[in-house]
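Below is one structure, written out as structure tokens; comments come after it.
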Amino acid sequence: MDRRKLLVAIIFFTLFSGIAWADNPFPEVKVIPWNGHKAATSLTFDDGDPSHLDVAIPELNQRKMRGTFYLIANRIDRKDEWRKILTSGHEIGNHTLDHKHASELTPKDEEAQVVGARNVLQKEFGVPVLTFAYPFTEVSPGVKKWVEKTNLIARNGYGIYVIKPDTEPDWANIPSRTTMTNLPFDTYKSWIDEDVDGGGWLVWMIHGLEGTSSGWEPILKKTFTQILDYLQTKDIWVGTFLEVGSYFHAQKVFEKVIPQTIGMEKKWKWEIPANFPGGVHLKRSEEHTSELQS
């Protein structure tokens, strides 16, 4: 009798809109978190500040990294340059029409600030806008209702900053850590280390950068490049908020499915969440333990 052997296979599959199927004879299937990396992080930028075009995007492109840029629909300058970032894989997200406080909004305003802004951005840039960032990190029931109807995920401010793959967050209220002018690079380094050590997902909220005209709490270009360079030294997936969020969301959907056994095969069938992007590939490990006899 041979010893028990463990067979591990790495397989990719794609989630499509509607109903999806995956065939495999192995009894245990698990999604590999964070696309096969130890951790994940998403760099998000608020308010469409000029420094994002002048500083952030060139530095990201130089390192082949992608970021998410939350634009205020009624305050977009340099539209042709914003269109151009899409060809490099960056994401444009919804930061409302006018960046108002939640307390200022009537029920009609809540819909307009979320849904109306999304419509403006999609028409302007010709791409689906599937993520949202709350102005001032203020979440009201009315705003959140429209956010949940029109977005896959949304970013906010406070909470547990390293989101572990074995937990499921509030998809319409994902926490993020905020960069500040007076914070030294060592603080940001500790955020990255904590993320990698915890094997989780860290979302950044970045406003102004050095050279900004009006950005809130701008950070030095040197500090920003130090963050990017340090991220490159780690086994960490640097993806847009939608890219990492849709992978994680799909993982949670898949984990809840009870497979059907049909003959010698197992089949997984699931419903795709609303506002889910196409072309999301999950990595899965398939573990099969068998005792071979001579």
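The values are calculated or read from the model by the stated rules, or taken from the named source; none is laboratory data. Worth saying up front: this structure is predicted, and the values here are computed from it rather than measured. Neighbour counts are summed over all protein chains in view; Cβ atoms, including those assigned to glycine, are modelled from backbone coordinates with ideal geometry. Just the protein is used for accessible areas: all its heavy atoms, side chains included, with ligands, DNA and RNA removed. Shrake-Rupley method; radii C 1.70, N 1.55, O 1.52, S 1.80 Å.
Here is a yes/no grid of residues against (1) under 30 Å from residue 234 (Cα atoms); (2) modelled with pLDDT of 90 or more; (3) touching a Pro at 6+ places or on another chain (Cβ under 9 Å):
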| site | (1), (2), (3) |
| --- | --- |
| 1 | no, no, no |
| 19 | no, no, no |
| 23 | no, no, no |
| 26 | no, no, no |
| 51 | yes, yes, yes |
| 57 | yes, yes, no |
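Scan the range 47-82 for residues that are open to solvent by less than 50 Å² (accessible area, probe 1.4 Å), more than 30 Å from residue 141 (Cα to Cα) and outside any helix (DSSP H, G or I) and jot them down.
63, 65
I'm told residue 176 meets every condition in (1) free of Cβ contacts under 8 Å to residues at least 40 places away in the same chain; (2) open to solvent by less than 10 Å² (accessible area, probe 1.4 Å) except one. Can you identify the failing condition by its number?
(1)
For the range 94-109, give me each residue that is open to solvent by less than 60 Å² (accessible area, probe 1.4 Å) and under 15 Å from residue 137 (Cα atoms).
Those that are open to solvent by less than 60 Å² (accessible area, probe 1.4 Å) and under 15 Å from residue 137 (Cα atoms): 94, 95, 96, 98, 99, 102, 105.
Of the residues in the range 133-155, how many are closer than 15 Å to residue 92 by Cβ and out of contact with any Leu (no Cβ under 9 Å at 6 or more places or on another chain)?
The number of residues fulfilling the criteria is 3.
Listed here are the residues, each with its yes/no results for (1) in contact with a Gly (Cβ under 8 Å, 6 or more places away or on another chain); (2) open to solvent by 50 Å² or more (accessible area, probe 1.4 Å); (3) farther than 16 Å from residue 47 by Cβ.
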{"position": "197", "(1), (2), (3)": "no, yes, yes"}
{"position": "203", "(1), (2), (3)": "no, no, yes"}
{"position": "209", "(1), (2), (3)": "yes, no, no"}
{"position": "218", "(1), (2), (3)": "yes, no, no"}
{"position": "222", "(1), (2), (3)": "no, yes, yes"}
{"position": "228", "(1), (2), (3)": "no, no, yes"}
{"position": "238", "(1), (2), (3)": "no, no, yes"}
{"position": "246", "(1), (2), (3)": "no, no, yes"}
{"position": "250", "(1), (2), (3)": "no, no, yes"}
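Here are the criteria: (1) modelled with pLDDT of 95 or more; (2) of a type in the set (S, T, N, Q); (3) surrounded by fewer than 21 Cβ atoms within 10 Å (Cβ to Cβ). Tell me which single one residue 213 does not satisfy.
(1)
Tell me the residue from 162, 143 that is among the hydrophobic types (A, V, I, L, M, F, W, C), crowded, with 19+ Cβ neighbours inside 10 Å and under 26 Å from residue 103 (Cβ atoms), please.
Within the list 162, 143, the selection yields 143.
Taking the conditions exactly as written (at pLDDT 95 or above, of a type outside the set (Val, Ile, Thr), within 19 Å of residue 247 (Cβ to Cβ) and surrounded by fewer than 15 Cβ atoms within 10 Å (Cβ to Cβ)), does residue 189 satisfy them or not?
When the stated conditions are applied, residue 189 does not pass them.
Of the residues 133, 112, which is out of contact with any strand residue (DSSP E or B) (no Cβ under 7 Å at 6 or more places or on another chain), modelled with pLDDT of 95 or more and among the hydrophobic types (A, V, I, L, M, F, W, C)?
Going through 133, 112 in turn, just one is out of contact with any strand residue (DSSP E or B) (no Cβ under 7 Å at 6 or more places or on another chain), modelled with pLDDT of 95 or more and among the hydrophobic types (A, V, I, L, M, F, W, C): 112.
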